[in-house]
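To keep things clear, I will list the structure first and then write my remarks on it.
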Amino acid sequence: MRSGNPALKDSTFLDLGTGSVVTGAQDTMSLNGTVNKTAFLLVLTLAGALYTWSLFFNSNGTANLLPYVLVGGLGGFVISLVTIFKKTWAPVTAPLYAALEGLFIGAISAMFELKFPGIVMQAVGLTFGTLAALLMAYRSGLIKATENFKLGVVAATGGIALLYLVNIGMGFFGKSMPFIHDSGLMGIAFSGFVVVIAALNLVLDFDFIESGVEQRAPKYMEWYAAFGLLVTLVWLYLEILRLLSKLQSRD
């Protein structure tokens, strides 16, 4: 049950403790329940995104979105950490995370849209298209989350995270890794690779959620699993947005 997603790591269902064992079917995690809660979190994310999006464009691009970027981004990060360490709080923290990420995504998307008209709808379509395609491939058995597959995706995800952390550290000294932000061939290839790895994390998330259902995890884990899947979707969307912006910069 290994996953590159920090929210859905391999110990998620193993560290619940004996006090979390449930016997009644109505008290256990179900696939339908997880799907419904994921849909609810997506609606909350969309609502938050539409708020900052409309705020920006209703002001003809003059609204200051920096507070929403900071509150949404940093607030969402803090709430995600709280959720990871306090899984029983997921029914409350997962919706809060979705709303905060919505504010962040809406602000970022508006800035990209102002510079590259039409890019946001392309990114949204590709994100959900990728989700649907990988879900069908996983359910049909075309893609299987074997142990070697998991190891490869987790290793690549960890490498990407390390690169981003190093780049953030370099930023404090006025430096950066060119290929992360550059729109040249190297930069496009890097972003393409990151998009692929983010997408493959969805397969691990599907497998992980299915394992949780089979192991009869507690009901609140539906919220936690939905939260973990949303984390991956947000990452995938932002990386697709970055890749499309690099491609359009070359036109």
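Below is a table of values for the structure above.
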quantity: Stretchable slack from Phe172 to Ala155, in nm (0.36 nm times residue separation minus alpha-carbon distance); calculated: 3.5 nm
quantity: Contour excess over end-to-end distance, with Cα ends at Leu66 and Ala133 and 0.36 nm allotted per residue; calculated: 20.7 nm
quantity: Top of Ala107, Ala225, Ala155 by mean-square fluctuation, Gaussian network on the chain, Cα under 10 Å; calculated: Ala155
quantity: Expected 222 nm ellipticity per residue - DSSP helices of 4 or more, -39500 (n - 2.57), all of the chain, to 500; calculated: -25500 deg cm²/dmol
quantity: Gain upon complete extension [Phe40, Arg250; 0.36 nm per residue less C-alpha separation]; calculated: 71.8 nm
quantity: Percent RCO, i.e. relative contact order, over the chain, from Cα pairs under 8 Å lying at least 6 residues apart; calculated: 36
quantity: Solvent exposure of the chain as accessible area per residue, Å², 1.4 Å probe; calculated: 49
quantity: Rounded to 10°, Cα long-axis angle of helix 221-249 versus longest principal axis of the chain; calculated: 20
quantity: Neighbourhood net charge (13 Å Cβ-Cβ; Lys/Arg +1, Asp/Glu -1) for Asp27; calculated: +1
quantity: Most mobile of Ala123, Ala63, Ala110 in a GNM of the chain (Cα contacts under 10 Å); calculated: Ala63
quantity: Globularity ratio of the stretch 84-129, using Cα Rg and 2.2 N^0.38 Å; calculated: 1.52
quantity: Hits among lysines - C-alpha to C-alpha of Lys144 under 25 Å, sequence gap 8 or more where chains match; calculated: Lys9, Lys37
quantity: The chain: most fluctuating residue of Leu162, Leu114, Leu31 per GNM, C-alpha cutoff 10 Å; calculated: Leu162
quantity: Once the Cα gyration tensor of the chain is diagonalised, semi-axes √(5λ) in Å; calculated: 31, 22, 17
quantity: Whole-Å semi-axes of the ellipsoid equivalent to the stretch 123-191 (Cα gyration tensor, √5λ, descending); calculated: 31, 17, 10
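The values are calculated or read from the model by the stated rules, or taken from the named source; none is laboratory data. Keep in mind the model is a prediction, meaning the values are calculated, not measured. Ideal geometry is used to build each Cβ from the backbone, glycine not excepted, and the neighbour counts take in all protein chains shown. Heads up: the accessible areas ignore ligands, DNA and RNA and are worked out on the full protein's heavy atoms, side chains in. Shrake-Rupley method; radii C 1.70, N 1.55, O 1.52, S 1.80 Å.
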